[in-house]
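Notes for the one structure printed next.
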Amino acid sequence: MRDDARMHPSHPPRTLGIAARRRAMAAAAALGVPADYGRARGLRPQREPSRLQSIGLDTQQRPAWLRPRAAAAFARMRVAATRTGIELQVVSAWRSSEYQLGILRRKCERGLAMDAILEVSAAPGYSEHHSGRALDLGTPGFPALEEAFEQSPAFVWLQTNARRFGFALSYPRNNRHGIAYEPWHWCWHARLARHAMKPR
């Protein structure tokens, strides 16, 4: 995230266009991301939204952003969870393809193998976080971004209620994308939201 967004959290950061995404993907390929990564993993390039809306601060006190409809849905879901005694914390929300490239570079610099990196991090250009629809969620008393989150009351609540607000777990165990199980990663889908709004 750019420094101006940190200093002025009321001002949404500028999202990047297709050309910037392609540059990040090309740089990732130069680092060793396979040319057929998207096809082999069943992942599509993610376009960044034209607008972002604040959802407050994340657990590291950084401004967090989602696309407007996802932000509104998350606000409703968070209120509903709070009413039942569940606290949903934002660990991570929107991030650009450039930011994702930085994650990849740092892991490469630490000597991690590319296959191992891509099991836990989507390649730049393919992360759902680019779309402004995805959230990494946490809750007090459980370590962030760890499988232990599945033992939390928050995860149980999300399994039962998240779809009512348009959110779904992206990477369950043994998912077809070859990405490690992430009980904390939830993504908003317009089609789920439309279905939830239909009269029963």
Worksheet item: If you project the alpha carbons of the chain onto their three principal axes, what span does each projection cover, largest first, in Å?
Response: 48, 39, 35
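Could you grab the relative contact order for region 3-197? Cα pairs under 8 Å, six or more apart, rounded to a whole percent. Walk me through the numbers before you get to the answer.
Values: 331 pairs, mean separation 41.9, N = 195.
Over region 3-197, the number comes to 21 percent.
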Worksheet item: Using the count of nearby Cβ atoms within 10 Å as a rough guide to exposure, how do F155, F142, F74 rank from fewest to most?
Response: F142, F155, F74
Item to complete: Starting from the Cα of Q60, move 7 Å in the Cα-to-Cβ direction to define the label point; list residues of region 72-112 whose amide nitrogen is under 17 Å from there.
Response: 89-110
Worksheet item: Amide H of Q89: which non-local residues (sequence gap of 5 or more, or other chain) have their own amide H closer than 5 Å, using H built in the peptide plane?
Response: G138, T139
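Given charges of +1 on the Cβ of Lys and Arg and -1 on the Cβ of Asp and Glu, with all other atoms neutral, how large is the dipole of the chain about its Cα centre, in debye to the nearest 20?
Working: 31 positive and 16 negative charges, 212 e Å.
Taking the Cα centre of the chain as origin, the dipole is about 1020 debye.
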Worksheet, complete the sentence: In order over region 173-184: 3J(HN,Hα) from phi, Karplus 6.51/-1.76/1.60, θ = phi - 60°, whole Hz, x for each Gly or Pro, gives 4, 6, 6, 6, 8, x, 9, 4, 4, 10, x, 8
Worksheet item: Expressed as an acute angle from 0 to 90° and rounded to the nearest 10, what is the orientation of the C-alpha long axis of helix 97-109 relative to the principal long axis of the chain?
Response: 60
Worksheet entry | Helix 68-83 axis, angle to the chain major axis (alpha carbon atoms, nearest 10°) | 50
Worksheet, complete the sentence: Packing-ranked peptide list from 39-49, 126-136, 180-190, highest mean Cβ count within 10 angstrom first, is 126-136, 180-190, 39-49
Worksheet, complete the sentence: Stretched fully, the stretch from H11 through R83 gains (0.36 nm per residue minus C-alpha distance, one decimal, in nm) 22.9 nm
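Pull out the extension gain between A113 and R176, defined as 0.36 nm times the separation in residues minus the alpha carbon to alpha carbon distance; nm, one decimal.
Numbers: separation 63, 0.36 × 63 = 22.68 nm, distance 2.08 nm.
Between A113 and R176, full extension yields an extra 20.6 nm.
All of the numbers you see were taken from the coordinates with simple rules; none came from a lab. Keep in mind that what you see is a predicted model, and the values were worked out from it rather than measured. Please note: Cβ atoms are built from the backbone with ideal geometry, for glycine as well, and neighbour counts cover all protein chains shown.
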